[in-house]
Amino acid sequence: MRRFINIDAEYVESVVNKTYPGLTMYVRDTNLPVHISDKYKKGMIIREKGYCDASSRVMGMITTHRYGILSNHMADFSGYEHGSNWGLYVAKRDSRFKVLGNYDYKGKRLILLLHLPDDDSWNIFRDIDLNIDDQLIESCIQCFKNKCEAFPVPELATDDWLARCAFPVGMDDDGNLFDLE
(Lines give C-alpha, C1' and ligand atoms only; values in the text may rest on other atoms or scores of the structure.)
Protein backbone atom coordinates (compact mmCIF):
# COMPACT_ATOMS: atom_id res chain seq x y z
CA MET A 1 0.00 0.00 0.00
CA ARG A 2 1.31 3.42 -0.88
CA ARG A 3 -1.07 6.06 0.49
CA PHE A 4 -2.56 5.32 3.87
CA ILE A 5 -4.11 8.31 5.62
CA ASN A 6 -6.19 7.71 8.76
CA ILE A 7 -7.82 4.53 7.46
CA ASP A 8 -8.52 1.66 9.82
CA ALA A 9 -6.34 -1.33 8.86
CA GLU A 10 -9.12 -3.84 9.63
CA TYR A 11 -11.49 -1.96 7.34
CA VAL A 12 -8.92 -1.92 4.54
CA GLU A 13 -8.39 -5.66 4.98
CA SER A 14 -12.14 -6.34 4.81
CA VAL A 15 -12.48 -4.31 1.60
CA VAL A 16 -9.46 -6.03 0.04
CA ASN A 17 -10.93 -9.42 1.01
CA LYS A 18 -14.18 -8.69 -0.81
CA THR A 19 -12.50 -7.12 -3.87
CA TYR A 20 -9.61 -9.38 -4.87
CA PRO A 21 -10.31 -13.06 -4.11
CA GLY A 22 -11.68 -14.93 -7.11
CA LEU A 23 -10.99 -12.22 -9.68
CA THR A 24 -11.77 -13.28 -13.24
CA MET A 25 -10.88 -11.45 -16.44
CA TYR A 26 -13.82 -10.45 -18.64
CA VAL A 27 -13.36 -8.69 -21.96
CA ARG A 28 -15.26 -6.08 -23.87
CA ASP A 29 -13.81 -5.26 -27.29
CA THR A 30 -14.57 -2.05 -29.13
CA ASN A 31 -13.10 0.67 -31.33
CA LEU A 32 -12.52 3.92 -29.49
CA PRO A 33 -11.30 7.27 -30.78
CA VAL A 34 -7.91 8.25 -29.36
CA HIS A 35 -9.36 11.23 -27.47
CA ILE A 36 -11.60 8.78 -25.58
CA SER A 37 -9.08 6.00 -24.88
CA ASP A 38 -6.47 8.50 -23.69
CA LYS A 39 -8.84 9.71 -20.94
CA TYR A 40 -8.38 6.49 -18.95
CA LYS A 41 -5.58 7.33 -16.51
CA LYS A 42 -4.07 4.88 -14.05
CA GLY A 43 -5.59 5.28 -10.59
CA MET A 44 -8.76 7.09 -11.59
CA ILE A 45 -12.16 5.82 -10.48
CA ILE A 46 -14.98 5.76 -13.03
CA ARG A 47 -18.70 4.97 -12.77
CA GLU A 48 -20.68 3.29 -15.53
CA LYS A 49 -24.28 4.51 -15.46
CA GLY A 50 -25.68 1.62 -17.48
CA TYR A 51 -25.27 -2.13 -17.41
CA CYS A 52 -21.85 -3.17 -18.65
CA ASP A 53 -21.69 -6.29 -20.83
CA ALA A 54 -18.50 -8.32 -21.10
CA SER A 55 -17.50 -11.83 -22.08
CA SER A 56 -15.74 -14.61 -20.25
CA ARG A 57 -14.44 -15.89 -23.60
CA VAL A 58 -11.00 -14.33 -23.87
CA MET A 59 -9.29 -14.85 -27.22
CA GLY A 60 -8.27 -12.69 -30.18
CA MET A 61 -9.82 -9.38 -31.09
CA ILE A 62 -10.88 -7.69 -34.31
CA THR A 63 -11.18 -4.25 -32.72
CA THR A 64 -8.57 -1.69 -31.69
CA HIS A 65 -9.42 -1.62 -27.97
CA ARG A 66 -10.13 -4.14 -25.25
CA TYR A 67 -11.49 -3.41 -21.83
CA GLY A 68 -10.10 -6.03 -19.49
CA ILE A 69 -12.44 -6.08 -16.51
CA LEU A 70 -11.18 -7.85 -13.40
CA SER A 71 -14.15 -8.78 -11.25
CA ASN A 72 -15.42 -11.27 -8.72
CA HIS A 73 -19.02 -10.08 -8.83
CA MET A 74 -20.17 -9.82 -12.45
CA ALA A 75 -23.57 -11.48 -12.99
CA ASP A 76 -23.50 -14.61 -15.15
CA PHE A 77 -26.09 -14.24 -17.91
CA SER A 78 -24.65 -16.96 -20.16
CA GLY A 79 -27.55 -19.28 -19.30
CA TYR A 80 -29.99 -16.80 -20.86
CA GLU A 81 -28.23 -16.35 -24.18
CA HIS A 82 -30.32 -18.78 -26.26
CA GLY A 83 -27.59 -19.72 -28.72
CA SER A 84 -25.54 -16.54 -28.98
CA ASN A 85 -22.65 -18.21 -27.09
CA TRP A 86 -21.13 -14.89 -25.99
CA GLY A 87 -20.16 -16.00 -22.49
CA LEU A 88 -22.18 -13.00 -21.30
CA TYR A 89 -21.44 -11.47 -17.92
CA VAL A 90 -22.88 -8.14 -16.79
CA ALA A 91 -21.86 -5.50 -14.25
CA LYS A 92 -24.87 -3.83 -12.69
CA ARG A 93 -25.81 -0.21 -13.29
CA ASP A 94 -23.72 2.37 -11.45
CA SER A 95 -20.77 0.01 -11.07
CA ARG A 96 -17.48 1.67 -10.27
CA PHE A 97 -14.11 0.67 -11.63
CA LYS A 98 -10.55 1.64 -10.85
CA VAL A 99 -8.41 2.14 -13.93
CA LEU A 100 -5.30 0.02 -13.49
CA GLY A 101 -3.77 1.35 -16.69
CA ASN A 102 -3.49 1.26 -20.47
CA TYR A 103 -1.17 -0.92 -22.47
CA ASP A 104 -0.50 -0.74 -26.21
CA TYR A 105 0.68 -3.77 -28.16
CA LYS A 106 0.94 -4.07 -31.94
CA GLY A 107 -1.68 -1.44 -32.67
CA LYS A 108 -4.15 -2.62 -30.04
CA ARG A 109 -4.84 -1.15 -26.60
CA LEU A 110 -5.81 -2.81 -23.34
CA ILE A 111 -7.71 -0.64 -20.85
CA LEU A 112 -7.53 -2.53 -17.58
CA LEU A 113 -10.31 -1.99 -15.03
CA LEU A 114 -10.79 -3.36 -11.52
CA HIS A 115 -14.50 -3.79 -10.67
CA LEU A 116 -14.96 -2.24 -7.23
CA PRO A 117 -17.41 -3.37 -4.53
CA ASP A 118 -21.05 -2.37 -5.01
CA ASP A 119 -21.35 -0.79 -1.57
CA ASP A 120 -19.77 2.49 -0.45
CA SER A 121 -16.46 0.78 0.32
CA TRP A 122 -15.33 1.58 -3.25
CA ASN A 123 -14.41 5.02 -1.87
CA ILE A 124 -11.36 3.58 -0.13
CA PHE A 125 -9.75 3.06 -3.54
CA ARG A 126 -9.52 6.84 -3.89
CA ASP A 127 -7.04 6.89 -1.01
CA ILE A 128 -4.94 3.75 -1.37
CA ASP A 129 -2.87 1.92 -3.96
CA LEU A 130 -2.11 -1.74 -3.39
CA ASN A 131 0.97 -3.69 -4.42
CA ILE A 132 -1.26 -6.53 -5.62
CA ASP A 133 -2.44 -4.27 -8.45
CA ASP A 134 1.07 -4.30 -9.96
CA GLN A 135 1.04 -8.11 -10.02
CA LEU A 136 -2.41 -8.15 -11.62
CA ILE A 137 -1.35 -5.64 -14.25
CA GLU A 138 1.68 -7.70 -15.28
CA SER A 139 -0.38 -10.87 -15.51
CA CYS A 140 -3.11 -9.16 -17.56
CA ILE A 141 -0.61 -7.58 -19.93
CA GLN A 142 0.95 -10.97 -20.58
CA CYS A 143 -2.50 -12.47 -21.23
CA PHE A 144 -3.31 -9.58 -23.58
CA LYS A 145 -0.09 -10.09 -25.53
CA ASN A 146 -0.75 -13.83 -25.78
CA LYS A 147 -4.38 -13.52 -26.83
CA CYS A 148 -4.96 -10.33 -28.82
CA GLU A 149 -3.48 -11.65 -32.06
CA ALA A 150 -5.08 -15.10 -31.75
CA PHE A 151 -8.17 -15.98 -33.74
CA PRO A 152 -11.18 -14.16 -32.32
CA VAL A 153 -14.15 -15.98 -30.88
CA PRO A 154 -16.55 -15.91 -33.88
CA GLU A 155 -19.56 -15.04 -31.72
CA LEU A 156 -17.69 -12.00 -30.34
CA ALA A 157 -16.99 -10.72 -33.85
CA THR A 158 -20.67 -10.36 -34.78
CA ASP A 159 -22.37 -7.02 -35.37
CA ASP A 160 -24.79 -7.75 -32.50
CA TRP A 161 -22.03 -8.29 -29.93
CA LEU A 162 -19.91 -5.39 -31.15
CA ALA A 163 -22.94 -3.07 -30.96
CA ARG A 164 -23.48 -4.11 -27.31
CA CYS A 165 -19.88 -3.13 -26.53
CA ALA A 166 -19.57 0.00 -28.69
CA PHE A 167 -19.95 2.65 -25.98
CA PRO A 168 -17.05 3.72 -23.75
CA VAL A 169 -17.17 2.58 -20.11
CA GLY A 170 -17.60 5.38 -17.56
CA MET A 171 -18.24 8.21 -20.00
CA ASP A 172 -20.58 9.34 -22.74
CA ASP A 173 -19.79 9.08 -26.45
CA ASP A 174 -18.17 12.53 -26.36
CA GLY A 175 -15.71 11.53 -23.60
CA ASN A 176 -17.43 13.29 -20.70
CA LEU A 177 -16.88 11.26 -17.55
CA PHE A 178 -19.96 10.35 -15.54
CA ASP A 179 -20.14 11.70 -11.99
CA LEU A 180 -19.00 9.20 -9.36
CA GLU A 181 -22.06 9.72 -7.16
In region 26-101, which strands (runs of 3 or more DSSP E) lie fully inside it and hold 1 or more residues that are farther than 22 Å from Ile124 by Cα and among the basic types (Lys, Arg)? 65-71
Test: residue in region 155-172 that is aromatic (Phe, Trp, Tyr), under 19 Å from Met74 (Cβ atoms), in a loop (DSSP other than H, G, I, E, B) and at pLDDT 95 or above: yes
So which of Asp29, Asp53 ends up being in contact with a helix residue (DSSP H, G or I) (Cβ under 6 Å, 6 or more places away or on another chain), under 24 Å from Phe151 (Cβ atoms), of a type in the set (Asp, Glu) and surrounded by 13 or more Cβ atoms within 10 Å (Cβ to Cβ)? Asp53
Within region 130-145, of all residues that are within 18 Å of the chain's Cα centre (by Cα) and surrounded by fewer than 16 Cβ atoms within 10 Å (Cβ to Cβ), the one nearest to Tyr105 (Cα to Cα) is Lys145
Looking at (1) of a type in the set (S, T, N, Q); (2) surrounded by 15 or more Cβ atoms within 10 Å (Cβ to Cβ); (3) without any contact (Cβ under 8 Å) to a residue 40 or more places away in the chain, find the lone condition where Ser71 falls short. (3)
Which ones in region 125-172 are of a type outside the set (Phe, Trp, Tyr), touching a helix residue (DSSP H, G or I) at 6+ places or on another chain (Cβ under 9 Å) and farther than 30 Å from Gly83 by Cβ? Ile128, Leu130, Ile132, Met171
Which members of region 102-117 meet the condition of being outside any loop (DSSP other than H, G, I, E, B), more than 18 Å from Ser56 (Cα to Cα) and under 14 Å from the mean Cα position of the chain (by Cα)? Asn102, Tyr103, Arg109
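The values are calculated or read from the model by the stated rules, or taken from the named source; none is laboratory data. Not measured: the values here are computed from a predicted model. Ideal geometry is used to build each Cβ from the backbone, glycine not excepted, and the neighbour counts take in all protein chains shown.
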